[in-house]
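Notes for the one structure printed next.
The values are calculated or read from the model by the stated rules, or taken from the named source; none is laboratory data. In this text, all values refer to a predicted model and were calculated from it rather than measured experimentally. Here the Cβ positions follow ideal geometry from the backbone for every residue, glycine too, while neighbour counts run over all protein chains shown.
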Amino acid sequence: MKIPFVNPGLQYKGLREEILSRFDRISLTGNYVLGNEVEEFERNFADFCGTAFAIGVGNGSDALTFSLLGLGVKPGDEVITAPNSFVASAWTIANIGAKPVFVDVCEDFNLNPRLIQEAITPKTKAIMPVHLTGRVADMEMINKIAEDYNLLVIEDAAQAVGASYKSKKSGSFGDAGCFSLHPLKNLHVHGDGGIITTNNEDLYNRALKMRNHGLKNRNECEFWGWNSRLDEIQASIANLKLSYLDKWNDRFLELANYYIKELSNHIEVPSIKEFEKPVFHRFIIQHNNRDDLKFFLEEKGVMTAVNYPIPLHLHEASSHYGYKIGDFPMAEKQANKILSLPIYPELENSQAKYVVECVKEFLKV
């Protein structure tokens, strides 16, 4: 049996006629940028997350960048974040002249709030928790720390569209929530895309201009901005898929629960908390012989991934910050053990069963 790690084409196959119909309808209008489709998706996404506003942008990295800048993070400021994320969580901070300050993570891969306070300095401006693997970080404690120290909270929710924590959706906890619509995400378009959620009207109005060159109208530029617009066709695809997302996320969770049930006695798997509803953008197991397990599964036709093998503080790009091996022991330990199994709504039960059988075969159980 051959099981791809991801397979976006299967999702397209199920929605093909609806997507082609939308493509044709929008193409005939001749209006391809910042029109009704974008506005409708923004309204629906804000409602979905439980926020007042949403702003569609070109990608998830720009969502982070515009949120940082729009909320007033400046060169020389420090932003606390996790060291085990994709590189965009760090470079978006660094590229505006601020400094990413890393704090170690918990067993669930999310920022450890008990370690945040010791990382706060007079230069700290914001906390950027990353809802890794589709599980919301401990936002209750993070928001309390932010309130006590008068810090901004910017959620990197790229992997967690629709995930909830104590019945509240990701993207609704902080001053801004930042999402990616990249094809590997659980809500994705056919290319790059991103979206910001917020209850801050000033950020909303500024981000609308930031994504569109800094223009306040066609002929007047208020400040030098960016060209980062979610186009009409992509917004329409996202809007269509948003209507299916709860069902898809339930399937992610169903598959995750199956993996947990079948593997928890044999290998390290996630443990779902009573008050959370993850979406499991990634389902990660951990094993001391991860590389051997990965090779074995691939020989059996099961494709896997390591997300992410090098913690952010150990990349060459971070070398001038002075971090070293051993600074964040939990993130570093996990990086050597983690392996992501195939998980997507179109994965069949028989395929999930085969994945489990192959993992057990390797473990000789």
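Of the residues making up the stretch 139-174, those that are acidic (Asp, Glu) and surrounded by fewer than 21 Cβ atoms within 10 Å (Cβ to Cβ) number 3.
In the stretch 318-334, the residues that are free of Cβ contacts under 8 Å to residues at least 12 places away in the same chain form Cβ pairs under 7 Å with partners that are not hydroxyl-bearing (Ser, Thr, Tyr), at six or more places apart or across chains, as follows: 325/314; 325/332. Please indicate, with yes or no, whether at least one residue in the stretch 81-88 is touching a Phe, Trp or Tyr at 6+ places or on another chain (Cβ under 6 Å) and among the hydrophobic types (A, V, I, L, M, F, W, C). No, the stretch 81-88 contains no residue that is touching a Phe, Trp or Tyr at 6+ places or on another chain (Cβ under 6 Å) and among the hydrophobic types (A, V, I, L, M, F, W, C).
Among the residues of the stretch 318-336, those identified as within 25 Å of residue 294 (Cα to Cα) and in a helix (DSSP H, G or I) are 329, 330, 331, 332, 333, 334, 335. Within the stretch 138-158, restricting attention to residues that are in a loop (DSSP other than H, G, I, E, B) and farther than 23 Å from residue 183 by Cβ, the residue that is nearest to the chain's Cα centre (by Cα) is 138. Taking the criterion of being buried (at least 24 other Cβ atoms within 10 Å of the Cβ), part of a helix (DSSP H, G or I), modelled with pLDDT of 95 or more and under 21 Å from the mean Cα position of the chain (by Cα), would at least one residue in the stretch 92-100 satisfy it? Checked the stretch 92-100: at least one residue is buried (at least 24 other Cβ atoms within 10 Å of the Cβ), part of a helix (DSSP H, G or I), modelled with pLDDT of 95 or more and under 21 Å from the mean Cα position of the chain (by Cα). The set of residues in the stretch 159-187 being part of a loop (DSSP other than H, G, I, E, B) and closer than 13 Å to residue 57 by Cα consists of 181, 182. The helices (runs of 4 or more DSSP H) falling completely within the stretch 1-91 that include 3 or more residues that are outside the structural domain of residue 310 (by TED's automatic domain parsing) and among the charged types (D, E, K, R) map to 8-29, 36-49.
Within the stretch 117-137, which residues are in a helix (DSSP H, G or I) and among the hydroxyl-bearing types (Ser, Thr, Tyr)? Of everything in the stretch 117-137, just one residue is in a helix (DSSP H, G or I) and among the hydroxyl-bearing types (Ser, Thr, Tyr), namely 133.
Taken over the stretch 65-89, the criterion of being in contact with a Lys or Arg (Cβ under 8 Å, 6 or more places away or on another chain), among the small types (Gly, Ala, Ser) and more than 15 Å from residue 175 (Cα to Cα) is satisfied by 76 alone. Could you please let me know if residue 296 is touching a residue at least 24 places away in the same chain (Cβ under 8 Å), surrounded by fewer than 18 Cβ atoms within 10 Å (Cβ to Cβ), more than 20 Å from the chain's Cα centre (by Cα) and assigned to a helix (DSSP H, G or I)? The answer is yes for residue 296.
Residues in the stretch 259-293 that are of a type outside the set (A, V, I, L, M) and part of a loop (DSSP other than H, G, I, E, B): how many? Count: 15.
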